[in-house]
Amino acid sequence: MKRNAIYSLLGLTFGSMCAVTALAQAPDRTRLPIHEPQYPLSTVLDVRNATTPETFNVKAPAGAPNVLIVLIDDMGFGQSSAFGGPINMPTADLLADNGLRYNQFHTTALSSPSRMALLTGRNHHTANTSSIIETATAFPGATGKRPESVAPLAMTLRYNGYSTAHFGKNHETAAWETSPSGPTDRWPTRSGFDKFYGFMGGETNQWAPAIYDGLTKIEVPPDPNYHFMTDMTNQAIKWVRSEKSLTPDKPFFMYFAPGATHAPHQVPKEWIAKYKGKFDQGWDKIREETLARQIQLGVVPLGTKLAPKPEAIKDWDTLSPDEKKLFTRQMEVFAGFAEYTDYEVGRLINTLREMGQLDNTLVFYMLGDNGASAEGGQNGLFNEMTYFNGVQESVQDVLKHYDELGGPQSYGHYAAGWAVAGNTPFTWVKQVASSYGGTRNGLAIYWPKGIQAKGEVRSQWHHLIDIAPTILEVAGLPEPKEVNGVPQTPIEGVSMAYTLNEGKAQDRHKTQYFEIYGNRAIYHDGWLAGTVHKAPWEAKPRASLEGDTWELYDTRNDFSLNNDLAKSEPAKLKEMQQVFMAQTEKYPILPLDDRLFERMIASNVGRPDLLEGRTSLTVYDGMTGMSENVFLNLKNQSYMVTSEVEVPKSNANGVIIAQAGRFGGWSLYLKDGKPTYTYNFLGMQRYTVTANKPLPIGKSILRFEFAYDGGGLGKGGVGSLFINDQKVGTGRIERTQPGFYSADEGVDVGEDGETPVVENYGTPAPHKFTGKLGKVTVSVSSANTVEKTAAQDAQKEAVFKKALTE
């Protein structure tokens, strides 16, 4: 065999001037990156007489497949047609019918932890992601910062010769690191991805998203028909075509993670119209119909019974006509959103087929990163931000916006009853890590070149941490022991490759713990024991962590977890609890932390805060997208905004500084040359203070002062405008938001991007300031800072908890 052919098989190419002994050795793929060997010094004086060497290049093993992971957000086990659900998802059906359905595949019950487990092959606590990134704490296992000893799968594949790209949702970067100050070590393009096009947080407005291309925040096209789902698909298609055009033999790894079907549920009207009347029978009948289809498909065993609904979920027949009207519409919107998303996935799949790449592409179509979400509460929401501010939306409040649901003017979520129906045949929902309703999701695997069977069901028990080792095994790559000089924590998952062509193979994933906000469980050898510590809609835990009531299920003959054996099998329950505690000695699970909203305040939990101890912040024109985690907190206190402004002879208009947008926020701007301040309370009320005269030509100091009433959270106050220290306007702001402005829209200086705080600025989006801005300084009084005292912290927590019980 020729020497170059040998090198090619080894996955490397070298120049012929290298020593043969250096070349004959296989590359050590357990220590990444693979380093270029030391070449001997040349002894040839004239380059014309020297042999031209080949360049050093790391290649993937011969025949390594392309890999595509599609991860749908907040979709339940019983929602897609591929797993018996009522939502038509033909792309998922096609892949499952021509590949494999996995009916015992599990997630962590929450977004960030699930994604970290998927992308690293380690348990979420090992990767310091015990919860969503925004509720990280200072404890090991919960810091929100992936350790260097836990290298992502994308990094391993890229160092082994793959092209890598990530489109859509990230939600894996520590909240305080998503600023221009970084560090950017845990941003996607520094975590193994060559390309990233998507959003950094847990959700985004699909009509007006906050998008990054790599490390750079970008503006989306000003197209009235724009929708992020189509945009991200277009970007993915563009990337894969370019990658295969330039390097046709180089495999790719693509992580395609839509914001759909997470709230806000937003989709073009024609997709909603497809489901008109399809849910009029209500969630109880939908559960029954779904179970029947699941049994017929074979993804649920014959004889499986529906597990009971949670007590808080009303029977459909007891609802009022208005409730039924609203709730059916909410589900029509969600279903349209899901089918539209599947259609876009289909465009990507068809592109790969047209390119001749699909046969050797290993596709994982994951229908959910956790169970369906009940975070919309009993009535659902027109504006999800009300949930984070302790403000209730009644059925009548939401019905006012019936025709807007799903559109650009809405930021909605469906009622919790649909989440329970979406997790058929189980009881519980997202966040409840102790139940398969929170942790079991449908998975289709498709790979024509590597899977012989078509349309078969696989019932081996597996978890998200098993995906990374599966990909490494199929690609012929070892698990890395060292990456960038850092010894690696061993991968904790078990490869699923043995199941691809062995339908009856015995399970290899024998034990798995679950834990989210105190909801916890242990799976071991077919048994599941767990405790529902707190439901998503409950204001407080049901008991102390020590006093929780545990349940016990024999999952080998109780697929839906319908028969609790805790009382009849006390010895087995005790044994399982001991297995759980043994897991806490292997992984940094303890201490358990059942707080939620309190953990969103950095000072409460000791995590880093860029603005810790500061009472003022100076920003400049062009600084945009600063999230609440990297900006001064102005809520529940008095504050002042001072700006150096220069107005040209032609006058000036537009935004000086704005925070968030249509669904809650504030803006200081000029309209018709007059200084104006608007406070947008959750899109429900807008309070505007306008100056009695325009800003003069030339340089001025414009100041806005807000005098907070005090006496609690979310109170009002008086706003005043000053030009060069002369008061020119004042007005009452009756209500303010106590907790959160936006999950994705930040602070913009010199414009108001994404959605506008003010619907009629009188200037074209993004409402850029047409004068000249100097520095803009935002300041608060340290004496007013709400987080200073434990009593006020408790008050803030109480506000949120009260909202969940009303």
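The values are calculated or read from the model by the stated rules, or taken from the named source; none is laboratory data. These numbers come from a predicted model, not from an experiment. Please note: Cβ atoms are built from the backbone with ideal geometry, for glycine as well, and neighbour counts cover all protein chains shown. Accessible surface areas use protein heavy atoms only, side chains included; no ligands, DNA or RNA. Shrake-Rupley method; radii C 1.70, N 1.55, O 1.52, S 1.80 Å.
For the reader, a short list of remarks on this structure follows.
- Which listed residue, of Ala475, Ala444, Ala415, is of a type in the set (A, V, I, L, M, F, W, C), within 21 Å of the chain's Cα centre (by Cα) and over 18 Å from Gly376 (Cα atoms): Ala444
- Residue, nearest to the chain's Cα centre (by Cα), within the range 245-271, restricted to residues that are open to solvent by 20 Å² or more (accessible area, probe 1.4 Å) and not polar (S, T, N, Q): Pro268
- Residues in the range 629-665 that are small (Gly, Ala, Ser) and touching a helix residue (DSSP H, G or I) at 6+ places or on another chain (Cβ under 6 Å) were compared, and the one that is most open to solvent (accessible area, probe 1.4 Å) is Ser638.
- Wholly within the range 393-449, helices (runs of 4 or more DSSP H) carrying at least 2 residues that are among the charged types (D, E, K, R) and either more than 19 Å from Asp73 (Cβ to Cβ) or at pLDDT below 95 (or both): none
Yes or no, residue by residue, for (1) at pLDDT 95 or above; (2) in contact with a Phe, Trp or Tyr (Cβ under 9 Å, 6 or more places away or on another chain):
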position: Val728; (1), (2): yes, yes
position: Glu734; (1), (2): yes, yes
position: Val757; (1), (2): yes, yes
position: Gly762; (1), (2): no, no
position: Phe769; (1), (2): yes, yes
position: Lys772; (1), (2): yes, no
position: Lys775; (1), (2): yes, yes
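Every residue, every condition in (1) under 28 Å from His265 (Cα atoms); (2) modelled with pLDDT under 95; (3) within 23 Å of the chain's Cα centre (by Cα), yes or no:
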site: Pro61; (1), (2), (3): no, no, no
site: Ile69; (1), (2), (3): yes, no, yes
site: Ser80; (1), (2), (3): yes, no, yes
site: Gly84; (1), (2), (3): yes, no, no
site: Ser111; (1), (2), (3): yes, no, yes
site: Thr126; (1), (2), (3): no, no, yes
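- Test: residue in the range 468-482 that is open to solvent by 30 Å² or more (accessible area, probe 1.4 Å), among the charged types (D, E, K, R), at negative phi and in a helix (DSSP H, G or I): yes
- Criterion applied to Phe722, Phe681 was being under 19 Å from Val655 (Cα atoms), open to solvent by 20 Å² or more (accessible area, probe 1.4 Å) and either in contact with a helix residue (DSSP H, G or I) (Cβ under 7 Å, 6 or more places away or on another chain) or aromatic (Phe, Trp, Tyr) (or both), and the one residue passing it is Phe722.
- Among the residues of the range 372-394, the one identified as open to solvent by 20 Å² or more (accessible area, probe 1.4 Å), out of contact with any strand residue (DSSP E or B) (no Cβ under 8 Å at 6 or more places or on another chain) and hydroxyl-bearing (Ser, Thr, Tyr) is Ser394.
- Taken together, Met576, Met626, Met581 contain a single residue that is crowded, with 17+ Cβ neighbours inside 10 Å and free of Cβ contacts under 8 Å to residues at least 60 places away in the same chain, which is Met576.
- Of the listed requirements (1) open to solvent by less than 10 Å² (accessible area, probe 1.4 Å); (2) closer than 18 Å to Ala743 by Cα; (3) touching a Phe, Trp or Tyr at 6+ places or on another chain (Cβ under 8 Å); (4) in contact (Cβ under 8 Å) with a residue 60 or more places away in the chain, Glu177 misses just one: (4).
- Where a residue in the range 309-336 is within 20 Å of Glu375 (Cβ to Cβ) and of a type in the set (Ser, Thr, Tyr) and its partner, wherever it lies, is assigned to a loop (DSSP other than H, G, I, E, B) and at pLDDT 95 or above, with Cβ under 6 Å and at least six apart: Thr328/Phe279; Thr328/Asp280
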